1. Collect the residues in the stretch 168-186 that are open to solvent by less than 50 Å² (accessible area, probe 1.4 Å), out of contact with any helix residue (DSSP H, G or I) (no Cβ under 8 Å at 6 or more places or on another chain) and outside any strand (DSSP E or B), keeping them in residue-number order.
2. In this structure, does Leu31 turn out to be under 19 Å from the mean Cα position of the chain (by Cα), surrounded by 20 or more Cβ atoms within 10 Å (Cβ to Cβ) and within 19 Å of Val250 (Cα to Cα)?
3. Restricted to the stretch 127-146, and to residues that are of a type outside the set (A, V, I, L, M, F, W, C) and in contact with a helix residue (DSSP H, G or I) (Cβ under 7 Å, 6 or more places away or on another chain), which residue is modelled with the lowest pLDDT?
4. Tell me whether the stretch 222-231 contains one or more residues that are open to solvent by 30 Å² or more (accessible area, probe 1.4 Å), modelled with pLDDT under 95 and under 24 Å from His75 (Cα atoms).
5. In the stretch 96-126, which residues are at pLDDT below 95, within 12 Å of the chain's Cα centre (by Cα) and not charged (D, E, K, R)?
6. Tell me which residues, restricted to the stretch 199-212, are surrounded by fewer than 16 Cβ atoms within 10 Å (Cβ to Cβ) and not small (Gly, Ala, Ser).
7. Any idea which residue in the stretch 34-51 is modelled with the highest pLDDT, counting only those that are open to solvent by 70 Å² or more (accessible area, probe 1.4 Å) and assigned to a strand (DSSP E or B)?
8. Is at least one residue of the stretch 144-164 open to solvent by 50 Å² or more (accessible area, probe 1.4 Å) and on the phi > 0 side of the Ramachandran plot?
Amino acid sequence: MRLITKISACLLAVVSIAASASVAAQPVRELPSKIVFSRTINGGQTVDRTLETYSWGTQTLPAHRISWPNSDFLHYTIATARPEQTHLTQSIGFRFRSNGLFASNPGAHFIVSGRAEGSGWGARGRGFIVGGVFATANPCPTGARSQPETWWTNQSATTSANYVWNGALCGSALLDNVWYDAYLHLNNNSGFYYEIRQAGVLVGGGTYIVDNVNPENAFINKTPTGFIFGLTQATNLSTPWSLEFDAINVVWF
């Protein structure tokens, strides 16, 4: 399916540019507290940027340095600090707001993946997607909604793949210009759980899923500690928008 093929085989594949080595060899770096994907129109020209805020300030980067131009955006934190091996569940908390993205790009969706690692052919991890998920392999209703997803690679075949859950697991329709609180928990038994809330009301997720689909479960359960925020299919080049991920906090327990 086009959207998912795009995000799995293309957007996530470029993670390998940032990290082709094993997670075990990657240093833990400071985590960003805020990430913004943005599109502005200057003099009729489209300007896409990724802004990352750290304790020392905010850096502005070309949005497509590790993703496809005029469509995809990507942030990849290679590794996070897991205090000790007894801390087996990764928790990623944040809030997000679409400022015109949902309306101007109804076919776009963003990805949040935990226990994530890049490889030469794609990326591994589990999490969820938000946006126009009406054309996935297991589609949700129209509107900007959420959907749980898992990603894996086949190193010998140099391919990547994914699976999405639908039906009752599709979230409620989300709106532009509204802050939503979200978190994602991933344990070491192939289980994961996410919630999206607006003013305390659950509008996405809320179901614990045991991932029995991903053939790389054994590896994902043991090794990766990174996370990914990405966006794909933002192809409307005539309208400005931004997508904010704020108050990002990653802990292990």
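1. Correct list: Leu169, Cys170, Gly171, Val178.
2. No, not satisfied.
3. That would be Thr136.
4. For the stretch 222-231, residues open to solvent by 30 Å² or more (accessible area, probe 1.4 Å), modelled with pLDDT under 95 and under 24 Å from His75 (Cα atoms): present.
5. The one that is at pLDDT below 95, within 12 Å of the chain's Cα centre (by Cα) and not charged (D, E, K, R): Ala123.
6. Taking the stretch 199-212 first, the residues surrounded by fewer than 16 Cβ atoms within 10 Å (Cβ to Cβ) are 199-202, 206-208, 210, 212.
Answer for the stretch 199-212, where residues must be surrounded by fewer than 16 Cβ atoms within 10 Å (Cβ to Cβ) and not small (Gly, Ala, Ser): Val201, Leu202, Thr207, Tyr208, Val210, Asn212.
7. Arg49
8. Looking through the stretch 144-164, at least one residue is open to solvent by 50 Å² or more (accessible area, probe 1.4 Å) and on the phi > 0 side of the Ramachandran plot.
The values are calculated or read from the model by the stated rules, or taken from the named source; none is laboratory data. Note that the coordinates shown come from a computational prediction; the quantities given were computed from them, not determined experimentally. Note that each Cβ is placed from the backbone with ideal geometry, even for glycine, and that neighbours are counted across all protein chains shown. Areas reflect the complete protein model, heavy atoms only, side chains present, ligands, DNA and RNA absent. Shrake-Rupley method; radii C 1.70, N 1.55, O 1.52, S 1.80 Å.
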